[in-house]
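Below is one structure; the comments refer to it alone.
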Number of protein chains: 2
Amino acid sequence: MSRPVRLPPTAQAIVRGDRRALARAITAVEDGDASADLLLRSLYARSGNAAVVGLAGPLGVGKSSLVNALVGLLRARQKPVGVVAVDPSSPFSGGSVLGDRIRLERRADDPDVFFRSMASRGAVGGIASTTTDVVRLLEAAGFPTVLVETVGSGQVDVAIREVATTRVVVTAPHLGDEVQTLKAGLFEIADVFCVNKSDLPGADVAERDLAELASLGASRDGWRPTVVRTSATTPSGIEELWSAIEAHEAFRAASGDRAGAERRRLAAEIVDRVRDRLAGEVARALEDDPALARLLDQVVDRALDPRTAADRVLEQRLRAR
Amino acid sequence: MSRPVRLPPTAQAIVRGDRRALARAITAVEDGDASADLLLRSLYARSGNAAVVGLAGPLGVGKSSLVNALVGLLRARQKPVGVVAVDPSSPFSGGSVLGDRIRLERRADDPDVFFRSMASRGAVGGIASTTTDVVRLLEAAGFPTVLVETVGSGQVDVAIREVATTRVVVTAPHLGDEVQTLKAGLFEIADVFCVNKSDLPGADVAERDLAELASLGASRDGWRPTVVRTSATTPSGIEELWSAIEAHEAFRAASGDRAGAERRRLAAEIVDRVRDRLAGEVARALEDDPALARLLDQVVDRALDPRTAADRVLEQRLRAR
C-alpha cells in the first residue's frame, strides 16, 4: 500500500551494501537526526527477516568473546553477520565506556561482518527504540543474522528483551551471590542459557542449576529454554550454541509465535510513538499555556496534587478540541 | 484551593503516627491498589518537606551498613528517620531478593525509625513513581528525613535520581574495572561522594580520584560535589557524611534550587501521568477499533511503517474528537 516504489538514494546505497552509508545512517539514528526518520520509513519494508540474537548477562562472563566466536563460526559458513554492542555510556564524555577501538579491530577487512558499538546514553526507552532502528537498518542492508550484545547489565538488557528474536542469557561458573542478583530479570527472558567459561571448576553445577531453572520456566509459549556449555577461548561448544539458537528460530517460525510476538511488539511501538508525541505536546503546553502553568504553580505550592492536576490537563485538552 | 479540609480516616491515622496504617498504605501503593490513589491525593499537601537522601552505588560498597550508621547518628540526635530500600526483584518469586527479613530486625522496637524494603518488579518508570509515592507517605507521617537506598545498581538508581533531594554516590577502594562501568551514570547525579570502607588500602587514591572528578563536574547548579571518607563498620566519618548532606540541603534551600528542581520534577510527573493515561487509551483503541487493527495488520505485513502508522493514529484521534 504505502510500500515505496523508489527508495531515496541513501536507502538505495544501504540496500546495495554500501557500508559507509550504513554506518552514517546508524550515526544519524543515534543522534536522533531528522534524516534518520525518513530513511527508516523507507527501509521498514525490508526489515523483519533476520534472526536477531540477543546476548545478555552480567559483566565478566565473556559475552564479547562469545560474540567473536559466533562471528567466526558464521563467517566460516560464509554467512554475513551484523553485530550491535550496546554499552553503558561514559558519564563525562557521553561516549561508550569501552569505546569503538576494540570493536573496530575485529575483522575490519571483511565487508560481510559489520560491528557497531552504541552508547546507551542513559535513556532506557531510548536504548530499546534506537537498537530496534539500528537492527532494521542492518536487516535492510541484507544481514540475515544480527547479534545484539549488551555490555554490562541492568537497563541495557531492556534492549535485548524488546529487540531480539532469540535471547541468550550468558553466565559463568562461580559468579558471586552479588553478581547473581544482577541477573534478576534475565532468567525470565532466556530462550537459551549459555554457561560460558565452562573449563572453570563449577561448570557442572552451574549447568545443572540452570537446567533446573529452565524446567521451572518451561511453559512460556511452549518453548523450553535449552542449556549449552561453551568456552569462547578454547573454543568449544560454539556450534552447539549456534544450533540451539537455530532450533529456537525454527521453533518460532513453526509455532506462529513469530507473528504473535511481532504483532504485540509492533503494537507497543506504535503506542509508544503516539504517546511520546502526545507527551511532547503536553510538556510544551505546560510551559506555554498560562492556564496550565498556573495549575503547575498550585502543585508546587501543595495546593493541588499531581493526580488531580493530570485529570484537569486531560479535561482541558478534551475541551480545547 | 483543593487542599482537603478533612482527611479520610486512613490518612488521619498515618498523620497521627500509626505505623501499621503507614505500612498498609505503602503495600497499597506497591500493589497499585485504587485506595492508594485517594490516599495520595489527600496527603499530597503534607509532602515535600523532608530531606530525601538517596544512596546509590555498586553492590558490595556497604550501602546498607552506611544507612544503618546514619540511622544510628540521627536517632542519637533524637531525629525520626524513614528508610526505603529499593531491591531488584527476584525473577521467580516476584518478591525482593534480599527480603524483608534483614530489614525488620533493625530497630523494630523504635517507632521513630521506619524501615521498608520495596521490590522493584522490573518496571523502570514504575520504581521511580512508586518510590516517589512512598516517600510522600513517609513525609505525611512526619519523618523529616527519608533515606532511600538502592540495592544493586542500574535501573533502580533511576529512582534515586528522580526522588532524592540530596544524592549520595557510595564507592569503595579497589573496585574492579568491571564494577566501575556499573557506576556510569551515577557520577553525574552525585551531590556527595562517599568513599566507604576507607580503612581498606587504596582509599587515598579513591578519594583523590573522586575529588578530581568532582571538580570536573563542578558547574551543576553552582554546587560542587563534596567527597567524604567513611567506614561504616569502625564507624568513622558518619558525622562528616551527615554534615555534607546537611550542607547540600542548606545550599538547596538558600539557592532557590529547591523550587526550580521541584517544579521541573512535578511538571514531569504531571506529563507522565497524562501520557500514561493517553497511552492506555491508544493501546485499547488499537485492540478495539477495527480501523486501527487494520493499520496494525499492515505494519505486521511490512506494508506500512510504524512511524507512518503513528501519524495516522494521531490524525484519526484528532478527527474523532
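List of remarks:
- Only one entry in B:L314, B:L278 is out of contact with any Ser or Thr (no Cβ under 6 Å at 6 or more places or on another chain), under 30 Å from B:D133 (Cβ atoms) and within 12 Å of chain A (Cβ to nearest Cβ), namely B:L278.
- Here B:D221 fulfils each of the conditions (1) out of contact with any Lys or Arg (no Cβ under 6 Å at 6 or more places or on another chain); (2) under 30 Å from A:A45 (Cβ atoms) apart from (2).
- For region A:290-303, a tally of residues being buried (at least 16 other Cβ atoms within 10 Å of the Cβ) and over 13 Å from B:R264 (Cα atoms) returns 3.
- Checking each residue in region B:294-311 for being in a helix (DSSP H, G or I) and more than 7 Å from chain A (Cβ to nearest Cβ) picks out B:R294, B:L295, B:D297, B:D311.
- In region A:20-37, the count of residues that are in contact (Cβ under 8 Å) with a residue 12 or more places away in the chain, more than 18 Å from A:R116 (Cα to Cα) and surrounded by fewer than 19 Cβ atoms within 10 Å (Cβ to Cβ) is one or more.
- Scanning region B:245-254 for any residue that is assigned to a loop (DSSP other than H, G, I, E, B), modelled with pLDDT under 90 and in contact with a Lys or Arg (Cβ under 6 Å, 6 or more places away or on another chain) turns up nothing.
- Inside region B:283-321, residues that are more than 26 Å from A:G256 (Cα to Cα) and at pLDDT below 85 make up a count of 8.
The values are calculated or read from the model by the stated rules, or taken from the named source; none is laboratory data. In this text, all values refer to a predicted model and were calculated from it rather than measured experimentally. So basically every Cβ, Gly included, is an ideal-geometry build from the backbone, and we count neighbours across all protein chains shown.
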